[in-house]
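Presented below is the structure to which this report refers.
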Amino acid sequence: MRIGLLCLMCFQLLNLCAQNKAQNQGTGILLHIGLGGQTPGGDLATRFGSNMNVGGGLEWLTEKNNWIVGLEGSYLFGTDVQENVLENLQNQDGFIVGSSGELADIQLRERGFYVGGRIGKLFSLSAKNLRSGVRVTAGVGLLQHKIRIQDDPLVGVPQLSENYKKGYDRLTNGLAFNEFIGYQLLSMNKRVNFSIGFEFTQGLTQNRRDFNYDTRKADTDQRLDLLWGIRASWILPFYVGKGASQIYY
């Protein structure tokens, strides 16, 4: 009995999807998973080089006029650190000596994130598919970045314990603005759905540590951190029709 009921439910679901195979209409709920590459500018360029970022978002695409409202987040990471915050711990040859007297291999990395909300619009380019065209969004949120101090797993350095790292990591965050312009495709058969375009972020940030051990002073300067680059996203769309039971996957 239970197996028969389960089979019937599966059949009904497959039948619903088949009946609406060519539908990408109605209100859209869009799940994004994206990857991008960014180049820094402003004050950020003196600390880091280029970085990558991965992230995602959830959006509401209106049935009429293709207005976009949503939330997004991305994780920033890179290996190009321009600012040597450990210089005061290095010997004349540029090495850090561990507690055992051996040389420690300490690496510096970029880590950070952006989270925020966004609003925008999709401008369709074809009357045949009103859900594909030029995508323009603007958002506001929080940008944070820091220098990750990567320990040597074999050689301990007491000066770089977890508490002491905070005096070197340059933890920085603040209000940020984000803009995107590019192309978005939501295909009629729902099999190909993506966006790709240019992204620009401006952060009004400040160092959040009370004291920097290497400079022997607090950093209270206001910063302008800029990031721009290309972002591509895979989109999983869900469409909700006019009736409460009309949901297209």
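Tell me what the chain gives for mean residue ellipticity at 222 nm when only DSSP H runs of n ≥ 4 count, each as -39,500 (n - 2.57), the sum divided by the residue total, rounded to 500 deg cm²/dmol.
Values: 2 runs with 22 residues, N = 249.
Using -39500 (n - 2.57) per qualifying helix, the result is -2500 deg cm²/dmol.
Suppose the chain between residue 125 and residue 91 were pulled fully straight at 0.36 nm per residue; how much longer would it get relative to their current alpha carbon spacing?
Numbers: separation 34, 0.36 × 34 = 12.24 nm, distance 6.16 nm.
Difference between extended and current length: 6.1 nm.
I'm spelling it out carefully: the read-out is Rg/Rh (Cα atoms, Kirkwood Rh), the candidates are (i) 0.97; (ii) 0.93; (iii) 1.15, and one was derived from this structure. Which label?
Comparing each candidate, only (iii) matches the computed number.
In Å², what does the accessible area per residue of the chain work out to with a 1.4 Å probe? Spell out each step's value before the answer.
On the way: 13800 Å² over 249 residues.
The answer is 55 Å² per residue.
State, as an integer percentage, the relative contact order of the chain based on alpha-carbon contacts under 8 Å between residues 6 or more apart. Intermediate values should be presented prior to the final figure.
Numbers: 623 pairs, mean separation 55.4, N = 249.
About 22 percent, as a whole number.
Want the number for residue 52 to residue 84: 0.36 nm per residue separation, take away the alpha-carbon distance, what's left? Show your work: numbers first, answer last.
Numbers: separation 32, 0.36 × 32 = 11.52 nm, distance 2.07 nm.
Extending this stretch completely gives an extra 9.5 nm.
Among 187, 74, 99, which one shows the highest mean-square fluctuation when the chain is modelled as a Gaussian network with alpha-carbon springs under 10 Å?
The residue that fluctuates most here is 99.
Rounded to the nearest 0.05, what FRET efficiency do residue 134 and residue 77 give with R0 = 45 Å and r taken as the Cβ-Cβ distance? Could you check? Intermediate values should be presented prior to the final figure.
On the way: r = 30 Å, r/R0 = 0.66.
In this case the efficiency is close to 0.90.
Please check: in the Gaussian network model of the chain (C-alpha springs, under 10 Å), which one of 183, 164, 114 has the largest mean-square fluctuation.
Per the Cα network of the chain with a 10 Å cutoff, 164 tops the list.
Using 5 Å bins from zero, what percent of all Cα-Cα pairs in region 148-249 falls into each bin?
Result, from short to long distances: 2, 10, 12, 11, 10, 10, 10, 10, 8, 7, 5, 3, 1, 0 percent.
Do me a favour and compute the ellipsoid semi-axes for region 95-219 from its Cα gyration tensor, root of five times each eigenvalue, largest one first, whole Å. Before the final figure, lay out each step's value.
Details: eigenvalues 415, 70, 15 Å².
So the equivalent ellipsoid measures 46, 19, 9 Å along its semi-axes.
Can you give me the C-alpha center-to-center distance between region 84-112 and region 161-189, rounded to a whole angstrom?
Cα centroid to Cα centroid, the span is 27 Å.
Pick from 95, 177, 198: which is most flexible by mean-square fluctuation in a GNM of the chain where alpha carbon atoms under 10 Å apart are linked?
Comparing 95, 177, 198 in the GNM, the peak value goes to 95.
Helix 2-19 sits at what angle to the longest principal axis of the chain, using alpha carbons and giving 0 to 90 degrees rounded to 10?
Orientation of helix 2-19: about 90 degrees from the principal axis.
Leaving out ligands, DNA and RNA, what percent of the accessible area of region 96-249 is carbon and sulfur, probe 1.4 Å? Walk me through the numbers before you get to the answer.
Details: 4820 of 8020 Å².
After summing per-atom areas, the C and S share lands at 60 percent.
Find me the longest stretch of the chain that has none of the exposed trypsin sites (Lys or Arg not before Pro), where exposed means in a DSSP loop (not H, G, I, E or B) with at most 13 other Cβ atoms within 10 Å.
Looking at the chain, 65-127 is the longest stretch - no exposed trypsin sites (Lys or Arg not before Pro) with at most 13 other Cβ atoms within 10 Å.
Just how much of residue 171 is accessible, in Å², when a 1.4 Å probe is used and the result is rounded to the nearest 10?
Its heavy atoms expose roughly 30 Å² to the probe.
The values are calculated or read from the model by the stated rules, or taken from the named source; none is laboratory data. Being a predicted model, the structure only gives us computed values, none of them experimental. Cβ sites come from the backbone with ideal geometry, for glycine too, and all protein chains shown count toward neighbours. Heavy atoms of the whole protein, side chains included, go into the accessibility calculation; ligands, DNA and RNA do not. Shrake-Rupley method; radii C 1.70, N 1.55, O 1.52, S 1.80 Å.
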